[in-house]
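The values are calculated or read from the model by the stated rules, or taken from the named source; none is laboratory data. The shown structure was predicted, so the numbers you read here are calculated from the model rather than taken from an experiment. Here the Cβ is made from the backbone with ideal geometry for all residues, glycine too, and neighbour counts use every protein chain on show. These area figures cover heavy atoms from the full protein model, side chains too; ligands, DNA and RNA do not enter into them. Shrake-Rupley method; radii C 1.70, N 1.55, O 1.52, S 1.80 Å.
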Amino acid sequence: MSAPPVVAGASARERAPRQLSSHVFALSQIVPIIILAVVMFYEVTAHLLLETKTHPLLFATETIVFGIIGPAVTWATLNWVAREIRQRERAEGEADALNAIMQEMHHRIKNNLQTVADLLSLEMSRNPRPEVHESLRDSITRIKSIAASHEMLSVESVGVTDITELSRRVVETTRRSMVRSDQRIAVRVQGPDVYLGSKQATAFAIVLNELVANAIEHGFRERATGNIEIELDWDGSDVWMRVQDDGAGLPPGFDLKTSRGLGLQIARTLVEKDLRGRLALTRNNEGTTAWVLFQRGAALSNKE
Ligand SMILES: Nc1ncnc2c1ncn2[C@@H]1O[C@H](COP(=O)(O)OP(=O)(O)OP(=O)(O)O)[C@@H](O)[C@H]1O
Ligand SMILES: [Mg+2]
């Protein structure tokens, strides 16, 4: 029988020091008793033992107001404060637990994807046919780019991840698997931190992998050196990315809408469906520029 999953947050909470609400609850028991004791001490010493001249009605009123109502109001107030604090602590605890489960889930998905990629690599190393080799290599880089987004999400605490850092990891994986040993291809990623939720981040990683893979595969097929520049930016809502290479450029008459390749079809579908944005490819002076423009999903944390 397999062991139950370890949820990191749970053990941390078990070891957590006594919570603030417990302290306030304890105070709500002690403080009223102290007030009652002080009032009774005062009343007994001042009015009964020292026999200060006081009207019995005033003595009774003082005893009731300070000795009974005072402690009761104090008890009720402290109890209310303690309950409010406990509710907040509970909500935070639940959020922590959910977060830990999500992280664990992303971690496992990443591990499983890594295993699939390793199995395909094994298959690739045993298969000498170049077309099979190429097709397996493409699948492996696609899987690895999805794994990279899950890897980053597995260490983020709010279910969002920085796609600029994700881009660095994705392009490095793509570069390593696609650049030939006789080539020197420099890939540079620049831009501010841009946080996206898991669905958008995963789609983004796959799209970027396709664009960089194309630049290496088609732009630099006949070349020994080259540069790929990836630039990201956003204005608080719209995110845009430019992937520019100084390679061979798009073939004459290229049209993204009628292009038959699988890679750009995947990229276009993901940009339009998951990112709800647009993808465009243009020929630049030296090579090819791909543009991706989309809106950052609404249900994101305030990590910005
Ligand atoms: N950066 C680029 N430089 C030069 N040509 C490109 C570039 N990006 C795309 N292309 C052209 O667009 C075509 C379609 O690309 P796409 O990624 O859809 O398919 P593919 O790369 O040929 O095959 P697949 O990605 O399915 O392995 C390519 O065959 C190539 O001619
Ligand atoms: Mg391609």
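Figures for the structure shown
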item	result
Ellipticity estimate at 222 nm from DSSP helix runs (n ≥ 4, -39,500 (n - 2.57)) divided over the chain, nearest 500	-19000 deg cm²/dmol
About the Cα centre, charge dipole magnitude for the range 34-183 (Lys/Arg +1, Asp/Glu -1 at Cβ), debye	580 debye
Farthest positive-ward along the range 127-295 dipole, Cα basis, beta-carbon charges - from LEU279, ALA148, LEU256	LEU256
Extension reserve of the ASP182-ALA224 stretch, reckoned as 0.36 nm per residue once the Cα distance is removed	14.5 nm
Extension reserve of the LEU256-ASN79 stretch, reckoned as 0.36 nm per residue once the Cα distance is removed	57.1 nm
Ratio of the Cα radius of gyration of the range 184-281 to 2.2 N^0.38 Å, where N counts its residues	1.10
Qualifying trypsin sites (Lys or Arg not before Pro) for the range 181-245 [loop in DSSP, other Cβ within 10 Å: at most 11]	ARG221
For the range 229-292, alpha-carbon Rg and Dmax in angstrom	12.4, 37
Share of carbon and sulfur in the accessible heavy-atom surface of the chain [1.4 Å probe, %]	58 percent
Residue-normalised accessible area of the chain, expressed per residue, 1.4 Å probe, Å²	60 Å²
Of TRP75, ILE109, ALA97, farthest towards positive along the dipole that unit charges on Lys, Arg, Asp, Glu beta carbons give the range 51-111	ILE109
Calculated from backbone phi, Karplus (6.51, -1.76, 1.60) coupling profile of the range 108-115 in Hz, x at Gly/Pro	5, 4, 4, 4, 5, 5, 4, 5
R0 of 35 Å, Cβ-Cβ distance ASP193-VAL132: FRET efficiency to nearest 0.05	0.30
The chain, dipole about Cα centre (Lys/Arg Cβ +1, Asp/Glu Cβ -1), debye to the nearest 20	680 debye
For GLN295, distant residues with modelled amide H under 5 Å away	VAL239
The range 58-158 - Rg over Rh from alpha carbon coordinates, Kirkwood radius	1.63
log₁₀ of I(q)/I(0) at q = 0.12 Å⁻¹ - the chain, Debye sum with one point per alpha carbon	-0.87
